[in-house]
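Worksheet: one structure, shown below.
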Amino acid sequence: PETKLPKVGTTIFTVMSQLAMEHGAVNLGQGFPDFDVPQRLVQALDRAMREGKNQYAPMTGIPALRQAIAAKTERCYGHRPDADTEVTVTSGASEAIFAAVLAVVRPGDEVIVLDPCYDCYEPAIDLAGGRAVHVPLDPATFAPDWAAIRAAVSPRTRMLMINSPHNPSGAMFTRQDIEQLTELLEGTHMWLLSDEVYEHIVFDGARHESVLRYPQLRQRAFVVSSFGKTYHCTGWKVGYCIAPPALSTEFRKVHQYNTFCTFAPAQWAFAEMIEAEPAHYDELGAFYQAKRDHFREQLLTTRLRPLPVPGGYFQLVDYSDVSDLDDVAFCRWLTVEKGVAAIPLSPFYESAPAGQRLARLCFAKNAQTLDAAIERLQKL
Ligand code: PMP
Ligand code: GLN
């Protein structure tokens, strides 16, 4: 058939995980934890299945989970979304991103994305008949360039997509970014899609500037998150979208015919978990910060140069002291020849900065895994 997605092949995450497996490499590529999910969560899932909670959940998500999400949002960001009209449980953040884009983007619309950006954004825009307009983040700091974003806005711009903490760089929006964003959107008809899947993985006492904190922003935003990141269970694929009632109505029109509902037993498990262990959210930053600090300290014994990591669970490294290969070739070489899988940055761009020599390493791993990788990286 004539392809609707000519630019799409197999994702770099799949490609590198497969290569890692074939060559017995330590896999710091695809972003997923290699440690256990909280025991309470596993027990709650098991109990939900034994108790027969195995049939279709309500289309929008079970009430107990939507209420837990609303309450947790209020605790974290001082704003309580309405559990019935503003919170929708989805099959991962990916489904939420697709549903939001398909709900509001029409053929011919433009959607501004900030490069480097997560790889599922553009295919969603393409399938909706829209066009992604790529605006680069600052190549040194990965901060948004507000003048460039403003220059990219046109009468056709339907949506702006943002992601903080950012995959792949870990960069975070500041209060100033929020002010610039608010100013930019004022008087326009643009929707905002805020990908906040790493919302609870923030370091050094920084505050996550959720769009949900700001009335002028949340009134036009789809805010997307993922339990996969927060509870170390990326394979469960449960996430959610918070949006004002009118946007949620449109969002749910897509969701109800795409999946109808999300895996029911996990919804019961998350509802219980959020209520029973609210401290999990507050402790997650410290948990990952310890990993980040250990990993960075060890990286200093290698010829890779680590960039700052304000949030998320990825460490960017500059490898230009080791190799002059382009990033895709370098990551293949590192995996095949040196036994450590990493993710190149260029697949996150429409057009990556010439000569950029960066690779992404995931530190959501046990100490043994990280140490095994370091031992190999020391030999570069
Ligand atoms: N957005 C970003 C920035 C991500 O890193 C990921 C997962 N790696 C997703 C969305 C998708 O999340 P999920 O697995 O819950 O679909
Ligand atoms: N989001 C994960 C990452 O950035 C990958 C998810 C996937 O493999 N689709 O590594």
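All of the numbers you see were taken from the coordinates with simple rules; none came from a lab. This structure is a prediction, so every number in the text was calculated from the model and none was measured. Quick reminder, even Gly has a Cβ in these numbers, built from the backbone with ideal geometry, and neighbours come from all protein chains shown.
DSSP H helices in the chain with Cα extent of 18 Å or more along the helix axis and mean Kyte-Doolittle hydropathy at least 0.0?
Those that clear 18 Å and a mean of 0.0 are 92-104, 264-276.
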Nearest-0.05 FRET efficiency for A206 and E2 at R0 = 51 Å, using Cβ-Cβ distance, is 0.60
Would you please name the trypsin sites (Lys or Arg not before Pro) within segment 197-245 that are DSSP coil residues with at most 16 other C-beta atoms within 10 Å of their C-beta?
-> R207
Count neighbours as other Cβ atoms within 10 Å of each site's Cβ, and list the trypsin sites (Lys or Arg not before Pro) in segment 1-71 that are DSSP loop with at most 10 such neighbours.
-> K4, K7
Report, in whole Å, the centroid distance computed from the Cα atoms of segment 157-216 and segment 47-90.
-> 23
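Determine the sum of side-chain charges near F263: Lys and Arg each +1, Asp and Glu each -1, restricted to other residues whose C-beta is under 13 angstrom from that of F263. Don't skip to the end; give the middle numbers.
Details: positive: K53, K237; negative: E95.
Charge balance near F263 sits at +1.
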Within the set K4/K365; K253/K291; K4/K53; K4/K253; K237/K338, which residue pairs have Cα atoms separated by over 29 Å?
-> K4/K365; K253/K291; K4/K53; K237/K338
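Nearest 500 deg cm²/dmol is fine: what mean residue ellipticity at 222 nm does the chain get from its DSSP H runs of n ≥ 4 alone, each adding -39,500 (n - 2.57), divided by its residue count? Working shown, then result.
On the way: 14 runs with 155 residues, N = 380.
Mean residue ellipticity, 222 nm, calculated: -12500 deg cm²/dmol.
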Whole-number percent relative contact order across segment 55-277, with pairs defined as alpha carbons under 8 Å at least 6 apart | 29
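Looking at the chain, which longest stretch skips every one of the GluC sites (Glu not before Pro) that is in a DSSP loop with at most 11 other Cβ atoms within 10 Å, leaving the sites themselves out? Mind dumping the intermediate values first?
Details: sites that count: E2, E51, E186.
Between the exposed loop sites, the longest stretch runs 187-380.
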In segment 213-302, which chymotrypsin sites (Phe, Trp or Tyr not before Pro) are in a loop and have at most 13 other Cβ atoms within 10 Å, using DSSP for the loop call?
-> F260
Phi to ³J(HN,Hα) by Karplus 6.51 cos²θ - 1.76 cosθ + 1.60 over segment 237-244, Hz, x for Gly, Pro | 6, 10, x, 7, 10, 10, 8, x
